[in-house]
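The values are calculated or read from the model by the stated rules, or taken from the named source; none is laboratory data. What you see is a predicted model; the values in this text were computed from it and never measured. Quick reminder, even Gly has a Cβ in these numbers, built from the backbone with ideal geometry, and neighbours come from all protein chains shown. Note: accessible area is taken over every heavy atom of the protein model, side chains too, but ligands, DNA and RNA are not part of it. Shrake-Rupley method; radii C 1.70, N 1.55, O 1.52, S 1.80 Å.
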Amino acid sequence: TRAAVPAFGPAPLVSMRLGIAALMLLPIVFYRGGGPQLRAHPRALFMVGVPFTALPFMLMTWGALHITAGLSAVLNATAPMFAALVAHFVLKERLGAWRAGGLLLGFVGVLILMSSGNVSLKTAEGPLAVLAVLGTAMIWSVGATYTRRKMAGTDAMVTTAGSLAAASLFLAPLAWATWPSTPPSARAWAEMAFLGIASSGLGMWMYFRLLRRIGTVPAMSVTFLSP
């Protein structure tokens, strides 16, 4: 994302990568007979796709223009901490002493990182980019909880393909309006293809399967691997 976004801009990159993923997965959905499930949940798929997929991807991608990939990975790793808070206050799941201590330690770590003089901000909009990526983590945690509750009985492939298609189509007009005047390089196109096929297609499918099988906080804990 950090490498490709300067060539495309946030909206074209996000709309295209999510569109590639949707085009890859939708034929599989229909081949497996998932069409009725896809048509049965238009409102839920719109919610998962637009506020809980398109918006956080836009925030994260815009942030990548102004901060380093390493810092973005660290900030994204706050997602399971936000998810634990949502689970506690919305789903009424008890945190316990160890979880509460882990949350406190994690957020203190982010504060120390932000207050140090070694934060890698690439432009003057760096502080706003930090808030944008933190907002991404928070939105994803809320979206994960929503998806687990509203799409619990739906095939993960249907949830993935439907939400990615909704997100891509929603962003398409903005992507068209902000398409770069300078043609992106072959490398940038290859990076977009990787993001669409591997990261958004296969990655999101595995993520939604994990949400259904093991729950929100454990599924989102994979972000700890990114830094």
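Take the residues of region 202-223 that are among the hydrophobic types (A, V, I, L, M, F, W, C) and over 14 Å from the mean Cα position of the chain (by Cα): which is modelled with the lowest pLDDT? I'd like the intermediate steps shown before the answer.
Start the filter on region 202-223 by keeping residues that are among the hydrophobic types (A, V, I, L, M, F, W, C), which leaves 202, 204-206, 208, 210-211, 214, 217, 219-220, 222.
Those still in the list that are over 14 Å from the mean Cα position of the chain (by Cα) too: 210, 214, 217.
Values: Leu210: 90, Ile214: 88, Val217: 81.
This residue is Val217.
Checked against (1) over 30 Å from Ala129 (Cα atoms); (2) open to solvent by less than 30 Å² (accessible area, probe 1.4 Å); (3) at pLDDT 95 or above, Gly34 passes all but a single condition, namely (3). Here Arg148 meets the list (1) more than 19 Å from Phe57 (Cβ to Cβ); (2) of a type in the set (D, E, K, R); (3) modelled with pLDDT of 95 or more almost entirely, failing just condition (3). Checked against (1) touching a Leu at 6+ places or on another chain (Cβ under 6 Å); (2) touching a residue at least 60 places away in the same chain (Cβ under 8 Å); (3) not aliphatic (A, V, I, L, M), Gln37 meets all criteria but (1).
Applying the set (1) touching a Ser or Thr at 6+ places or on another chain (Cβ under 7 Å); (2) of a type outside the set (D, E, K, R); (3) modelled with pLDDT of 90 or more to Ala129 leaves exactly one unmet item: (1). Looking at region 22-45, can you tell me whether even one residue there is of a type in the set (A, V, I, L, M, F, W, C), within 15 Å of the chain's Cα centre (by Cα) and over 30 Å from Pro180 (Cβ atoms)? The answer is no, given that none of the residues of region 22-45 is of a type in the set (A, V, I, L, M, F, W, C), within 15 Å of the chain's Cα centre (by Cα) and over 30 Å from Pro180 (Cβ atoms).
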